[in-house]
Amino acid sequence: MSTDQLSVYDAIRLRRDVRAEFTGELVDDQTLWRILAAAHRAPSVGNSQPWDFVVIRSADTLRRFAEHVADKRDEFAAALPTDRAATFAPIKIEGIVESGTGVVVTHDDRRGGPQVLGRASVPETGVYSTVLAIQNLWLAATAEGIGVGWVSFYEPEVLSELVGLPAGIKPVAWLCVGPVREFQQVPDLERFGWRAGRSLDEAVHRETFGG
Ligand SMILES: Cc1cc2nc3c(=O)[nH]c(=O)nc-3n(C[C@H](O)[C@H](O)[C@H](O)COP(=O)(O)O)c2cc1C
């Protein structure tokens, strides 16, 4: 799938959270590097670049993380009311092993020193910056025809231990990254009746939130 001539609007429109469409082939190193370079070009508060990327290809690590996520999925399912549990049951929430590549995006709040320009009164701007790197990664991957799936069904301590994060470095996301057969046109959660999106009209407010 070659989609490298996409405009940014095309990439935004085509981007999907991918779980079931990974082909099982590995993303090649050069493509992965371009995608990571796009992530690394994200804006960041005080130019602090608080992110790092841990690339995981070990079959053993992928399997161990997938097992942990399966446990967390079971916990979530067990806490649902019966009708929601039935809706949730067929929904796939990760493609950890099938994608063949995990990218753990981490956040270091100490990066940039004690006086990060712009973060003094809104400390979350540090994590916002790391999340922007993830969005750059996701859109660049889409433009390359590479799928990305964000997995957040995990205990941060378990993931930190699994990939050897030093104290003070937090995991923000496990991203499954790999070639895909296709991008679904409709988000999985909508296709499976879990939750539909809302219209732009509902999200845009004029002058005041109630306006
Ligand atoms: C912070 C964050 C965490 C997410 N965690 C998961 C997850 O654990 N498993 C999953 O299948 N999708 C996860 N997603 C993907 C969302 O379900 C998905 O983005 C949403 O349903 C809209 O679908 P789309 O991305 O295909 O447009 C996550 C997305 C975000 C932004």
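Pairs meeting the criteria (first residue in region 184-211 and modelled with pLDDT under 95 and assigned to a loop (DSSP other than H, G, I, E, B), second residue of a type outside the set (Asp, Glu) and surrounded by fewer than 10 Cβ atoms within 10 Å (Cβ to Cβ), beta carbons under 7 Å, at least 6 apart or on different chains) are Gly211/His205.
For region 155-183, what are the residues that are touching a residue at least 12 places away in the same chain (Cβ under 8 Å) and part of a helix (DSSP H, G or I)? Result: Pro156, Val158, Leu159, Leu162. Out of the residues in region 157-211 meeting the condition of being touching a Leu at 6+ places or on another chain (Cβ under 7 Å) and farther than 20 Å from Ala11 by Cα, tell me which one is surrounded by the most Cβ atoms within 10 Å (Cβ to Cβ). So the residue we want is Trp174. Surrounded by fewer than 18 Cβ atoms within 10 Å (Cβ to Cβ), within 12 Å of the ligand (Cβ to nearest atom) and without any contact (Cβ under 8 Å) to a residue 40 or more places away in the chain, is that true of Ser152? Considered against the rule, which asks whether it is surrounded by fewer than 18 Cβ atoms within 10 Å (Cβ to Cβ), within 12 Å of the ligand (Cβ to nearest atom) and without any contact (Cβ under 8 Å) to a residue 40 or more places away in the chain, Ser152 comes out as yes.
Candidates in region 8-36 are the residues that are basic (Lys, Arg) and more than 15 Å from Val103 (Cα to Cα); of these, the one that is farthest from the ligand (Cβ to nearest atom) is Arg13.
Run down Ala79, Ala66 and say which single residue is under 19 Å from Phe153 (Cα atoms), without any contact (Cβ under 8 Å) to a residue 60 or more places away in the chain and in contact with an Asp or Glu (Cβ under 8 Å, 6 or more places away or on another chain). Don't jump to the end; show me each part of the working.
Working: Ala79 fails: in contact with an Asp or Glu (Cβ under 8 Å, 6 or more places away or on another chain).
The match here is Ala66.
The values are calculated or read from the model by the stated rules, or taken from the named source; none is laboratory data. Worth saying up front: this structure is predicted, and the values here are computed from it rather than measured. Cβ sites come from the backbone with ideal geometry, for glycine too, and all protein chains shown count toward neighbours.
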